[in-house]
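So the structure is just underneath, and the comments pick up after that.
The values are calculated or read from the model by the stated rules, or taken from the named source; none is laboratory data. None of these values were measured; they are calculated from a predicted model. As a convention, Cβ positions derive from the backbone with ideal geometry for all residues, glycine included, and neighbour counts pool all protein chains shown.
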Amino acid sequence: MAEATVIEPRLRVRGLRHQYGDHHVLEGIDLDVAPGGTLAIVGRSGSGKSTLLRCLCVLEEAQGGHVDLDGQTYLRNGKPVFEPWEIRSNSVMVFQEYNLFPNMTGLRNITLALENVRKLGRQEAKDRAHDVAKMLGIEQMLGRYPNQMSGGQAQRLALCRALVLEPAVLCLDEITAALDAETIVDVVDAIRSIRSYRENKRMVVVIVTHLMRFAVEFADRIAYLFQGQIWEELPAKSFLINCQRPETQHFVSKFRVPF
Amino acid sequence: MSYDWDFSVFAPYRVALLRGVWVTIEISVFSIVSGTLAGFALGAIYRLAPLQRVWLFLNDVLRAVPMLVWLFFFFFFPYKEMFGIKPLSAFTCAVLGLGLSQAVFTADLVYSAVDRVSQRTILGARSLGLRDNAIWRHLIIPDIIRQTLPAMIGYWIGVLKLSNLSSVIGCEDVVFVAQVATGQRFRTLEAWVLVALIYVILVLPMTLAARRLDESEWLKRRS
């Protein structure tokens, strides 16, 4: 009998809780993502999807729960075990609104964290920035400032800035929300191409999106977040047909028409 | 009716006037540079220290005092009686008075500019693991400079023009020299036309620079 191979999850979330005052946003989130896995989190607006990402990236403090990365706990009882900046540099977030540095060129947007966080020399940082920018098709944008870029270019720059850090976890928060359909295709291609870069094969990607097709095509698994909990989690390709719970079915019924 | 213009009577005052211009420039530059730097530090201190409201109120109180009153305050302050030291020179008093005025103005600008730095930009920096000191250095301070520079240049021009108040406490700036010259040559109109021209030459480049800055792409690089 063949031995079943058990792949240890790279990212393990247990009982993650978050509340704003009396309002419980996350009520015990459990998640596992395999090395190199991509998890899409879907749900209605206000269901806590973005809060979940922010808690994973320690941009917001959780009130409870544990998060492990490669078997090492970095959030214990909701509190960061290491310096928050250290965790953030390994669990990087890309935002819907790009959140670029408006006073810096595209190149400097990318190299700033490489020099200050990863402690690379200026030239090495530049070389890496050029490498990744080339993969994402924005090399000619490196001399421009964010206010001279289109939405798609700005979003790819934001991705590039995160990817050069080679994070263990990449969180993408509604990165397609401000883009038109054609640009989304560019960005999706860009994200796919990043897997081949250096150590990114094992990178865990967690995306929050309201585009079901984006989730289905891009992720391995989809988790439906409802009432602060992971209501149902399934392989992405079969999520639309195999989801069992009535709330999930009601949610996906709106997405029969893609995009 | 005609007025017989005669600037030639001021020819002997050429050197004195040039020296006056130099004093005007010196007082202005010292006051502007020291006041602006001190103001930046004060603004950051008000922002980071506890009891922000109290500091801000004190700053407002200092800001309400006219520049001339500050000059008199520093000039007539009883240094000997209070601290046992020699009175300060008129020049130092002028720099202190104008510089203080510049500092409290700058502090107020900087204090409120910190609030207007885009939280989105800061969040973007945090999300990459940048620490607070790097965020201040690379993002917050450059943004504060962009926000405050247009208003700051306006105030610098104001300080340059009001540096002539220092003539009241005896600084030999361009206005002081003109006063002396008119007292001796009785050509008042010519003297003040000359002084006006000198100020135009000093101020105009700053005004033009301010306009260029206002229209520049550099200033727009804020979110």
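Residues of the stretch B:180-205 being loosely packed, with under 15 Cβ neighbours inside 10 Å and among the polar types (S, T, N, Q), which ones?
Filtering the stretch B:180-205 for residues loosely packed, with under 15 Cβ neighbours inside 10 Å gives B:183-184, B:186, B:188-189, B:192-193, B:196-197, B:200-201, B:204-205.
Scanning the stretch B:180-205 gives B:Gln184, B:Thr188.
Among the candidates B:Arg53, B:Arg19, single out the residue that is out of contact with any helix residue (DSSP H, G or I) (no Cβ under 9 Å at 6 or more places or on another chain) and surrounded by fewer than 17 Cβ atoms within 10 Å (Cβ to Cβ).
On the way: B:Arg19 fails: out of contact with any helix residue (DSSP H, G or I) (no Cβ under 9 Å at 6 or more places or on another chain).
Within the list B:Arg53, B:Arg19, the selection yields B:Arg53.
Evaluate the following for B:Asp143: is it within 11 Å of chain A (Cβ to nearest Cβ) and surrounded by 18 or more Cβ atoms within 10 Å (Cβ to Cβ)?
Criteria met by B:Asp143.
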Residue pairs within 8 Å by beta carbon, gap of at least six or interchain, first lying in the stretch B:10-37 and closer than 30 Å to B:Asp108 by Cβ, second charged (D, E, K, R) and surrounded by 15 or more Cβ atoms within 10 Å (Cβ to Cβ), listed first then second, are B:Val23/B:Glu172; B:Val23/B:Asp173; B:Thr24/B:Asp173; B:Ile27/B:Asp173
Flag for A:Val169 being in contact (Cβ under 8 Å) with a residue 60 or more places away in the chain, farther than 21 Å from A:Ala40 by Cα and either away from every other protein chain (no Cβ under 11 Å) or surrounded by fewer than 21 Cβ atoms within 10 Å (Cβ to Cβ) (or both): no
What pairs can you find where one residue is in the stretch B:42-70 and free of Cβ contacts under 8 Å to residues at least 60 places away in the same chain, the other is β-branched (Val, Ile, Thr) and in a helix (DSSP H, G or I), and their Cβ atoms are less than 7 Å apart, with a gap of 6+ or different chains? B:Asn59/B:Val104; B:Leu62/B:Val104; B:Arg63/B:Val104
Would you say B:Ala107 is in contact with a Gly (Cβ under 8 Å, 6 or more places away or on another chain) and closer than 24 Å to B:Tyr46 by Cα? yes
A:Lys134: passes all of (1) in a helix (DSSP H, G or I); (2) without any contact (Cβ under 8 Å) to a residue 24 or more places away in the chain; (3) under 30 Å from B:Ile144 (Cβ atoms) but (3)
List the number of the failed condition for A:Lys201; all other conditions in (1) in a helix (DSSP H, G or I); (2) basic (Lys, Arg); (3) more than 17 Å from B:Gly124 (Cβ to Cβ); (4) within 14 Å of chain B (Cβ to nearest Cβ) hold. (4)
Identify, by number, the condition in (1) in contact (Cβ under 8 Å) with a residue 24 or more places away in the chain; (2) under 30 Å from A:Leu52 (Cα atoms); (3) crowded, with 19+ Cβ neighbours inside 10 Å; (4) at the interface with another protein chain (Cβ under 9 Å from one of its Cβ atoms) that A:Asn116 doesn't meet. (1)
For the stretch A:175-187: of the residues being in contact with a Leu (Cβ under 9 Å, 6 or more places away or on another chain) and not in a helix (DSSP H, G or I), which is surrounded by the fewest Cβ atoms within 10 Å (Cβ to Cβ)? A:Ala177
Tell me the residue from A:Met135, A:Met141 that is away from chain B (no Cβ under 12 Å), surrounded by 21 or more Cβ atoms within 10 Å (Cβ to Cβ) and out of contact with any strand residue (DSSP E or B) (no Cβ under 7 Å at 6 or more places or on another chain), please. A:Met141
Are any residues in the stretch A:24-57 within 13 Å of the chain's Cα centre (by Cα) and closer than 23 Å to A:Pro84 by Cβ, and if so, which ones? A:Val33, A:Leu39, A:Ile41, A:Lys49, A:Ser50, A:Thr51, A:Leu52, A:Leu53, A:Arg54, A:Cys55, A:Leu56, A:Cys57
Would you check if there is a residue in the stretch B:142-157 being among the basic types (Lys, Arg) and in a helix (DSSP H, G or I)? yes
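To keep it simple, each residue is scored yes or no on (1) of a type outside the set (Gly, Ala, Ser); (2) assigned to a loop (DSSP other than H, G, I, E, B).
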residue: A:Gln123; (1), (2): yes, no
residue: A:Ala129; (1), (2): no, no
residue: A:Gln155; (1), (2): yes, no
residue: A:Ile191; (1), (2): yes, no
residue: A:Ser196; (1), (2): no, yes
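Can you find, within the stretch B:71-94, the residue that is surrounded by the fewest Cβ atoms within 10 Å (Cβ to Cβ) among those that are in contact (Cβ under 8 Å) with a residue 60 or more places away in the chain and of a type in the set (A, V, I, L, M)?
Within the stretch B:71-94, the first condition is being in contact (Cβ under 8 Å) with a residue 60 or more places away in the chain, and the residues that meet it are B:71-72, B:75, B:90-91, B:93-94.
If we keep only those that are of a type in the set (A, V, I, L, M) too, we end up with B:71, B:90, B:94.
On the way: B:Leu71: 25, B:Ala90: 21, B:Ala94: 32.
That would be B:Ala90.
Is it the case, given these coordinates, that B:Val54 is out of contact with any Lys or Arg (no Cβ under 9 Å at 6 or more places or on another chain), β-branched (Val, Ile, Thr) and away from chain A (no Cβ under 14 Å)?
On the way: out of contact with any Lys or Arg (no Cβ under 9 Å at 6 or more places or on another chain): yes; β-branched (Val, Ile, Thr): yes; away from chain A (no Cβ under 14 Å): yes.
Here the answer is yes, as B:Val54 does meet what is asked.
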Restricting attention to the stretch B:112-132, the residues that are in a helix (DSSP H, G or I), facing chain A (nearest Cβ under 9 Å) and either of a type outside the set (Ser, Thr, Tyr) or within 23 Å of B:Leu149 (Cα to Cα) (or both) number exactly 8
Which condition from (1) at pLDDT 80 or above; (2) surrounded by fewer than 18 Cβ atoms within 10 Å (Cβ to Cβ); (3) within 14 Å of chain B (Cβ to nearest Cβ) is the one that A:Arg161 breaks? (2)
